[in-house]
Every structure is written in C-alpha cells, then in structure tokens.
Amino acid sequence: MNKVDQLTEWIEQSQRIVFFGGAGTSTESGIPDFRSAQGLYSESGQRGYSPEEMLSHRFFQQETELFYEFYRTRLLHPDAQPNPVHHALAELEQVGKLSAIITQNIDGLHQKAGSQRVLELHGSVHRNYCTTCGQKYSLEDVLAMEGVPRCPHDQGVIRPDVVLYGESLDSDVIGSAVAALGQADLLIIGGTSLTVYPAASFINYFRGNYTVLMNASATAHDRHADLIITEPMGQIMEQIRQHRRKQ
Ligand code: NAD
C-alpha cells in the first residue's frame, strides 16, 4: 500500500484525530519556516542577531524598535492564504473526525480555513494588547501603525500575544493540548522540526493507535512514527482530500 492510501485508511478508521503542526504547515502558503534551506535561520544574520534572539522577551524589552522591524518584515504575512493542509484539516473537523489542531504557528491560517478547535501553543499575531492598559488590538490595527505600535490612549507599547523565547506557554492551552492528545486515536505531526520546547514534548502524551510524521527533513521523533512522509505536505493532503471525495 502506498503512503497516501495508508494515511487515508487510518483517517477513515479514526474518530479523534489530532494534528500537531509547525511552521512547515504554512510554507506552501508562502510563509517561510525557521529551519528549512529557505527558512529564516538561513538568512544572513539580522545585524548579527539570530531569529531566536530577536524574538526573545529580552530583545522585545531592550530593542523594541529592532524587534518590530524584524517582526513586521519576517513574521507578518497578512495576505497569506490557507493551503491544502489547512483546508483538509478543516474538512476533517467538519465531518467529526478531527478533535483538535495543536499548532506552534502564530499565523492564524487554520482559523482562516475554517477550523474551530485550534490550540495555539505560541499565540497569534492576530491578537495584540497594550502593555500598559491591556487594551486589545487587531493585526489590522498594528499594520496601520508604523514602527513600534503605541496605544492611542496612554502611549503604552502594544505587543503581539505571542510567546517569545524566554516566556512561558499559557497553562490552559497546555492543559487542553495534553487532554486532546491523551484522547486521540490518530496523531498526525506535520511541518515541525520538533526542536522547540516545551511544545515538542507534548506529543509524548499521545496513547492512540498510529503516529504519522509528515516532515520534509528528519526529526528526533522519526523512530516512534508508524508512517513517515517527506513529500511536501500540501501536495499529500490535497491527494488525501481527492481520495476521500471519491469514496
Ligand atoms: P521549523 O522551521 O523548526 O521546522 C519546520 C519543519 O517543517 C522543517 O523540519 C522542514 O523540513 C519542514 N517543512 C517545511 N516545509 C514543509 C512542507 N511543505 N512539507 C513538509 N515539511 C515541511 O519550525 P517549527 O518546528 O514550527 O519551530 C519554529 C518556531 O517558530 C515555532 O514556534 C513556529 O511556530 C514559529 N514559526 C511560525 C511561523 C508561522 O506561524 N507560520 C513561521 C516561522 C516560525
């Protein structure tokens, strides 16, 4: 049996699929990941800083202007559209097969494709708030301001509701992710190098039947996977959509 047929069969047999994803989920929407050859880590350093440094809590506090320069040009992709991975997962939720998407992404593309139960481990660029008064702002509000966005009420710095390096993950989101994984019957991991912790450790709570790993390059979890697919995941998920439509 080929890999697409195998994955399609397991999807048919499952009722509580959990998708655990990362930046590779959105590369086919034109958003670069961190660790691919075209990823942000391959860019010649930003004034000598690594992306991890520039996206850290310390950098945000101390170099707010540079943080926003990097964040606006590299992490904000307001025109990006969902690709077949996002659409296929939204369809699986609609037909009652998928119980949760757990994502490390901050781009909001799963919701744009129609998914309802999206657990955003690292937050979202779509939610922003004033660090002084807590007033909430949309991505569009931030895009309409230049440089470091400031709250019109009190001039406080507005920050994205994303988890920067050195910050803690939201405990409610962790609890929901662990619970969803503990009840899942099929785990599909996609587009993540599984190197960002603690996020990557949550897949260890999976107790179900099969683990499928869709990733272009090898990961430390490969030896625990029942099926490994290295082809571009958008193409694979499109084939699965077509397959399921014919059934
Ligand atoms: P990563 O860059 O470390 O790893 C991405 C993995 O996806 C790589 O191993 C790569 O080989 C694979 N990949 C890329 N395109 C693929 C495709 N089309 N098909 C199959 N595999 C593909 O990303 P990570 O593990 O998510 O960790 C980086 C951190 O930065 C995370 O917190 C992540 O969410 C964040 N980030 C988010 C975005 C976003 O929201 N779109 C973009 C960049 C980084």
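The values are calculated or read from the model by the stated rules, or taken from the named source; none is laboratory data. Bear in mind that the values here come from a model prediction, so they are computed numbers and not experimental data. Quick reminder, even Gly has a Cβ in these numbers, built from the backbone with ideal geometry, and neighbours come from all protein chains shown. Side chains included, ligands, DNA and RNA excluded: accessible areas come from the protein's heavy atoms. Shrake-Rupley method; radii C 1.70, N 1.55, O 1.52, S 1.80 Å.
How much FRET efficiency would the formula 1/(1 + (r/R0)^6) give for V95 and Q135, where r is the Cβ-Cβ distance and R0 is 22 Å, rounded to 0.05?
On the way: r = 39 Å, r/R0 = 1.78.
My answer for the efficiency is 0.05.
Is there a quick way to get the dipole size of region 24-114? I mean about its Cα centre, with the Cβ of Lys and Arg at +1 and of Asp and Glu at -1; what is the value in debye to the nearest 20?
Details: 7 positive and 12 negative charges, 21 e Å.
Using only the charged Cβ atoms, the result is roughly 100 debye.
With N set to the residue count of the chain, report its C-alpha Rg divided by 2.2 N^0.38 Å to two decimal places. Walk me through the numbers on the way to the answer.
On the way: Rg = 18.5 Å, N = 247, 2.2 N^0.38 = 17.9 Å.
Here the answer is 1.04, to two decimals.
Find, to one decimal place in angstroms, the Kirkwood hydrodynamic radius of region 83-134, where the mean of 1/r is taken over every pair of different Cα atoms and then inverted. If you can, show how the numbers build up before the last one.
Working: mean 1/r = 0.0845 Å⁻¹.
Kirkwood radius, region 83-134: 11.8 Å.
Measure out, as a whole number of angstrom, how far apart the alpha-carbon centroids of region 198-232 and region 84-138 sit.
Region 198-232 and region 84-138 have Cα centres spaced 21 Å from each other.
For region 52-120, what are Rg and Dmax over the alpha carbons, in angstrom?
Looking at region 52-120, its Cα Rg and Dmax stand at 15.5, 47 Å.
Once the principal axes of the Cα atoms of region 52-184 are found, what is the range along each, listed largest first in whole angstroms?
Between the extreme Cα coordinates on each principal axis of region 52-184 lie 46, 29, 28 Å.
Run through the DSSP bridge list for the chain and note the antiparallel percent, rounded to the nearest 5.
Details: 10 of 32 bridges.
DSSP beta bridges in the chain are roughly 30 percent antiparallel.
So for region 157-215, Kirkwood radius off the Cα pairs, Stokes-Einstein at 4 °C and 1.567 mPa s: how many µm² s⁻¹?
On the way: Rh = 13.0 Å.
The diffusion coefficient I find is 100 µm²/s.
As a test of reading the structure, rank H224, H110 by solvent-accessible area (1.4 Å probe, protein chains only), most first. Please report the intermediate quantities before stating the final value.
Values: H224 100, H110 5 Å².
Largest to smallest exposure gives the sequence H224, H110.
Restricting to Cα atoms and excluding each atom paired with itself, what does the Kirkwood estimate give for region 16-92 in Å? All intermediate terms of the calculation are to be shown ahead of the outcome.
Numbers: mean 1/r = 0.0708 Å⁻¹.
Radius from the Kirkwood sum: 14.1 Å.
Taking K and R as +1 and D and E as -1, what net charge do the other residues with C-beta under 13 Å from the C-beta of G190 add up to?
Numbers: positive: none; negative: E28, D33, E231.
Around G190, the charge tally is -3.
Could you point to the residue in L186, L40, H87 farthest towards the positive end of the chain's charge dipole, with +1 and -1 charges on the Cβ of Lys/Arg and Asp/Glu respectively?
L186
Expressed in whole Å with the largest first, what are the equivalent ellipsoid semi-axes of region 190-245 derived from the C-alpha gyration tensor as the square root of 5 times each eigenvalue?
Working: eigenvalues 96, 38, 20 Å².
The equivalent ellipsoid of region 190-245 has semi-axes of 22, 14, 10 Å.
Scan around M214 for amide H atoms under 5 Å from its own, H built in the peptide plane at 1.01 Å from N, and keep only partners 5 or more places away or cross-chain.
Long-range HN contacts for M214: I189, G190, G191, I229.
Step through the residues of region 137-149 one at a time and calculate ³J(HN,Hα) from phi using the Karplus curve (6.51 cos²θ - 1.76 cosθ + 1.60, θ = phi - 60°), rounding each to whole Hz and writing x for Gly and Pro.
Ordered by residue, 3J(HN,Hα) equals 9, 8, 4, 4, 4, 5, 5, 6, 9, 9, x, 7, x Hz.
Report the local net charge at Q6: Lys and Arg +1, Asp and Glu -1, summed over other residues whose C-beta lies under 15 Å from its C-beta. Provide the component values of the computation, followed by the final result.
On the way: positive: K3, R244; negative: D5, E9, E12, D226, E231.
Net of charged neighbours comes to -3.
Based on the Cβ-Cβ distance of H224 and Q116, what FRET efficiency does E = 1/(1 + (r/R0)^6) give at R0 = 25 Å, to the nearest 0.05?
Working: r = 29 Å, r/R0 = 1.15.
After rounding to 0.05, the efficiency reads 0.30.
Given springs between every Cα pair under 10 Å in a Gaussian network model of the chain, which of L92, L213, L181 has the largest fluctuation?
L92
From the helices alone, meaning DSSP H stretches of at least four residues, give me the mean residue ellipticity at 222 nm for the chain, per-run term -39500 (n - 2.57), in deg cm²/dmol to the nearest 500.
Numbers: 9 runs with 76 residues, N = 247.
Mean residue ellipticity, 222 nm, calculated: -8500 deg cm²/dmol.
Pairs of Cα atoms under 8 Å, at least six residues apart: use those to get the relative contact order of region 77-139, whole percent. Could the numbers behind the result be given before it?
Details: 79 pairs, mean separation 17.3, N = 63.
Relative contact order comes out at 27 percent.
Lys and Arg at +1, Asp and Glu at -1: add these up for the other residues within a Cβ distance under 10 Å of P149 and post the number. Display every interim value, and only then the final one.
Working: positive: R72, R150, R159; negative: D141, E146.
Once positives and negatives cancel, what remains is +1.
Run the paramagnetic zone check for Q183: 7 angstrom along Cα to Cβ, then residues of region 1-36 with backbone nitrogen under 13 Å.
From region 1-36, the list is 15-18.
Short version: ³J(HN,Hα) in whole Hz for each residue of region 156-170, in order, from phi by Karplus 6.51 cos²θ - 1.76 cosθ + 1.60 (θ = phi - 60°), x for Gly and Pro, what are they?
x, 6, 8, 10, x, 7, 10, 7, 7, 4, x, 10, 8, 7, 5
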